[in-house]
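Participant: Got a structure here, written out as structure tokens. Questions coming.
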Amino acid sequence: MTKGAGYREHSSRGRREKRGAPLRFDDMEWAVIVQVAALAGMRPSAWVAQAAYDTALREHLGTGTERQAVTALIDELREHRRVLANIGGNVNDLARVANSTGQVEQAVVAATVLRLVANVVHASDTLLTDIRRRLLP
């Protein structure tokens with residue numbers, strides 16, 4: 001598949017045909033499209049065609065829109081932040097006890113906090129993998 005200057009890559013499935021009605025944009029919409037296409041090194045019409053196909057393919061495959069994926073990931077990150085804030089409070093409690101007595105009396109508490117940290121680290125790794133899978137196919 002080769003890509004000419006400013007055009008989409010050639011289709012390996014055969015020649016593309018003109019289909020559908022011409023698209024219409026107001027001045028602001030077109031200005032945004034022209035700017036984004038220029039950043040991508042494409043002609044505006046080629047960029048619009050590629051963006052339309054990419055979006056349709058995501059919907060067809062059931063992967064949803066990028067906005068939906070980003071919103072879901074933000075919610076997951078907020079939950080991670082909440083859990084980490086709670087763990088931080090537990091670590092402060094352990095540090096206070098250790099500083100006042102020179103030791104932590106309840107090893108079970110320390111082990112529980114360490115287990116929580118390990119779980120959040122593992123969940124963070126899973127979340128990063130999910131972000132890569134959803135947003136960088």
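Participant: Look through 57, 127, 84, 114 and report the one residue that is within 23 Å of the chain's Cα centre (by Cα) and open to solvent by 70 Å² or more (accessible area, probe 1.4 Å).
Facilitator: 84
Participant: Among the numbered criteria (1) at negative phi; (2) modelled with pLDDT of 75 or more; (3) open to solvent by less than 60 Å² (accessible area, probe 1.4 Å), which single criterion is violated by residue 65?
Facilitator: For residue 65, the exception is condition (2).
Participant: Within the stretch 24-40, track down each residue that is in a loop (DSSP other than H, G, I, E, B) and surrounded by 12 or more Cβ atoms within 10 Å (Cβ to Cβ).
Facilitator: 25, 40
Participant: What residue, among those in the stretch 76-106 that are of a type in the set (S, T, N, Q) and not in a helix (DSSP H, G or I), is farthest from residue 125 (Cα to Cα)?
Facilitator: 103
Participant: Identify, from the list 70, 120, the residue that is farther than 30 Å from residue 20 by Cα, among the hydrophobic types (A, V, I, L, M, F, W, C) and either at pLDDT 80 or above or open to solvent by less than 50 Å² (accessible area, probe 1.4 Å) (or both).
Facilitator: Result of the check over 70, 120: 120.
Participant: Go through the residues of the stretch 89-104 one by one and say whether even a single one is hydrophobic (A, V, I, L, M, F, W, C) and open to solvent by 80 Å² or more (accessible area, probe 1.4 Å).
Facilitator: no
The values are calculated or read from the model by the stated rules, or taken from the named source; none is laboratory data. Since the model is a prediction, treat every value here as computed from it, not as a measurement. All Cβ positions, even for glycine, are placed from backbone atoms using ideal geometry, and neighbour counts span all protein chains on display. Side chains included, ligands, DNA and RNA excluded: accessible areas come from the protein's heavy atoms. Shrake-Rupley method; radii C 1.70, N 1.55, O 1.52, S 1.80 Å.
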